[in-house]
Amino acid sequence: MKYAGGCHCGRVRFEVESHDAPEVEDCNCSICAKSGYLHLIVPKSQFRLLKGEEELSEYRFNSGVARHFFCKHCGIKPFYIPRSNPDGVDVNLRCLDEAPANAKIVPFDGQNWEANAASLAHKSQE
């Protein structure tokens, strides 16, 4: 199924393909806990930016591998390229216009990222 989403002001819009019962991580790392991000990780082929590439600002921290994209206008981070899955895209479930009906939210211990990141590797595989 295709789901549409975007930032708060609407300048950034995308669509993502997912089944109606994905497992979505609720991470407790410093950036996710502060922003309330819920992780829907998909292969890059299942994500399409529809508009707003020029409206995005990029932020990198710590290892510099993850590419966090924020709307320059409203400050919302609707998606990013995660360090755990650099071959995929991580969409914020809360930025979808309508979330998958049966999404299962599971805790993820991002405070101990090194010990747990490998458990996410399969999510960006075709």
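The values are calculated or read from the model by the stated rules, or taken from the named source; none is laboratory data. Everything numeric in this text was worked out from a predicted model, so none of it was measured. Neighbour counts run over all protein chains shown; Cβ positions are idealised from the backbone, glycine included.
Numbers below:
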| read-out | value |
| --- | --- |
| Contacts under 7 angstrom Cβ, first residue in the stretch 45-73 being acidic (Asp, Glu), partner outside any helix (DSSP H, G or I), 6 or more apart | 55/11; 55/12; 55/71; 55/72; 55/73; 58/67; 58/68; 58/69 |
| Condition check for residue 68: surrounded by fewer than 21 Cβ atoms within 10 Å (Cβ to Cβ) and in contact with a helix residue (DSSP H, G or I) (Cβ under 7 Å, 6 or more places away or on another chain) | no |
| Residues of the stretch 1-60 classified as part of a strand (DSSP E or B), farther than 20 Å from residue 106 by Cβ and out of contact with any helix residue (DSSP H, G or I) (no Cβ under 8 Å at 6 or more places or on another chain), total | 14 |
| Residue within the stretch 67-90 that is among the aliphatic types (A, V, I, L, M), in a loop (DSSP other than H, G, I, E, B) and at pLDDT below 95 present | no |
| Test: residue in the stretch 53-62 that is buried (at least 17 other Cβ atoms within 10 Å of the Cβ), more than 21 Å from residue 112 (Cα to Cα) and within 13 Å of the chain's Cα centre (by Cα) | no |
